[in-house]
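Written out below as structure tokens is the structure these notes cover.
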Amino acid sequence: MTERLYYLDPYKTEFQARVVERIRVEGKPGVILDSTCFYPTSGGQPHDRGHINGVPVINVFEREDKAIVHILATEVEDDLVHGVVDWDRRFDHMQQHTGQHILSQAFLQLLKAETVGFHLGERICTIDVDQASLTTAQLDKVEELANEIVFGDHPVKTYFVTEAELASLPLRKLPSVEMPIRIVEVEGFDYSPCGGTHCRRTGEVGLIKITKVERRGKDTRVEFLCGGRALADYRDKNRTVNELANRFSVGTWELSEAVERLAEELQASRRELK
């Protein structure tokens, strides 16, 4: 079984390891190492990317025997290798995943809404909560509480527990894997079984922003962005708002009224033409 160095330190991005097995997966070369910093796709979080001996790592997954398989762009001949994890991608995933834990606990505390699904995508993240009707006011309260935890800069701890220790924790959700169980604790706020990579403190999450909600039967899908993604989203939307305000020669705070007025004028013109 591969030693998972990302459990010991998710901020570690370079490592030395030995190749213990070489395989091919769908025609692509793969290696299994005695230890790795590369996180495999699991628990709603995508795999890390990077290089092994300069060769791009294009996929990482866990095999049934718990070995971690690194799929490579080309063969690596050496038995002793040097791995480098793409830090920008890793830290982005740490921000999104830690933010998800905080947001899910905020939904639970304020609305008794449990998270029943999570997906960390390339551009957006989503959680599915088991309530169908959520108002704007409720979502604002959840978002405010989540960001209070971020701004409070709480420590985030990870540790493995025994079955007896597990029973004593106020878990937000029950574990879905066998012992040993790894706990991610947002100090004083959230306790969840999780194998993902996370920030050391909530302040590193940067910002949690709900961007969209969509009803799905008895559940609601909540789209959100954290940290660098939230900043990029705000930058793009702020640029768009300013460009439109300049186009209509109004202030940004008057833009909605200007668009509504334009729509009414367009509708009147259509009626007149008809």
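Computed quantities for the displayed model
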{"quantity": "Odd one out for Arg182, checked against (1) part of a strand (DSSP E or B); (2) farther than 24 Å from Val85 by Cβ; (3) in contact (Cβ under 8 Å) with a residue 24 or more places away in the chain", "calculated": "(2)"}
{"quantity": "Matching option when the condition is under 26 Å from Asp219 (Cβ atoms) and touching a strand residue (DSSP E or B) at 6+ places or on another chain (Cβ under 8 Å), among Ile68, Ile102", "calculated": "Ile102"}
{"quantity": "Region 117-166 - residue that is closer than 25 Å to Arg89 by Cα and among the aliphatic types (A, V, I, L, M) and, of those, surrounded by the fewest Cβ atoms within 10 Å (Cβ to Cβ)", "calculated": "Ile124"}
{"quantity": "Residue match in region 228-245 (condition: open to solvent by less than 50 Å² (accessible area, probe 1.4 Å), of a type outside the set (Val, Ile, Thr), modelled with pLDDT of 90 or more and outside any helix (DSSP H, G or I))", "calculated": "no"}
{"quantity": "Residue ID - nearest to Phe224 (Cα to Cα), chosen from residues in region 104-129 that are of a type in the set (A, V, I, L, M) and part of a helix (DSSP H, G or I)", "calculated": "Ala106"}
{"quantity": "Contacts under 8 angstrom Cβ, first residue in region 25-50 being closer than 18 Å to Phe15 by Cα, partner surrounded by fewer than 16 Cβ atoms within 10 Å (Cβ to Cβ) and acidic (Asp, Glu), 6 or more apart", "calculated": "Val31/Glu21; Ile32/Glu21; Asp34/Glu3; Ser35/Glu3; Thr36/Glu3; Cys37/Glu14"}
{"quantity": "Residue satisfying condition, being within 25 Å of Tyr234 (Cα to Cα) and surrounded by 15 or more Cβ atoms within 10 Å (Cβ to Cβ), within set Arg172, Arg201", "calculated": "Arg201"}
{"quantity": "Options Val250, Val259: the member that is among the β-branched types (Val, Ile, Thr), exposed (fewer than 15 other Cβ atoms within 10 Å of the Cβ) and more than 28 Å from Gln100 (Cα to Cα)", "calculated": "Val259"}
{"quantity": "Odd one out for Leu108 among (1) open to solvent by less than 50 Å² (accessible area, probe 1.4 Å); (2) touching a strand residue (DSSP E or B) at 6+ places or on another chain (Cβ under 7 Å); (3) closer than 30 Å to Thr220 by Cα", "calculated": "(2)"}
{"quantity": "Residue check for Ala132: at pLDDT below 95 and assigned to a loop (DSSP other than H, G, I, E, B)", "calculated": "yes"}
{"quantity": "Given (1) open to solvent by 80 Å² or more (accessible area, probe 1.4 Å); (2) assigned to a strand (DSSP E or B); (3) of a type outside the set (Phe, Trp, Tyr), index of the condition Glu264 fails", "calculated": "(2)"}
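The values are calculated or read from the model by the stated rules, or taken from the named source; none is laboratory data. Computed from a prediction, not measured in an experiment: that's the story for all the values here. Methodologically, a virtual Cβ is constructed for each residue, glycine included, from the backbone with ideal geometry; neighbour enumeration extends over all protein chains shown. Accessible surface is based on the protein model in full, side chains and every heavy atom, while ligands, DNA and RNA are left aside. Shrake-Rupley method; radii C 1.70, N 1.55, O 1.52, S 1.80 Å.
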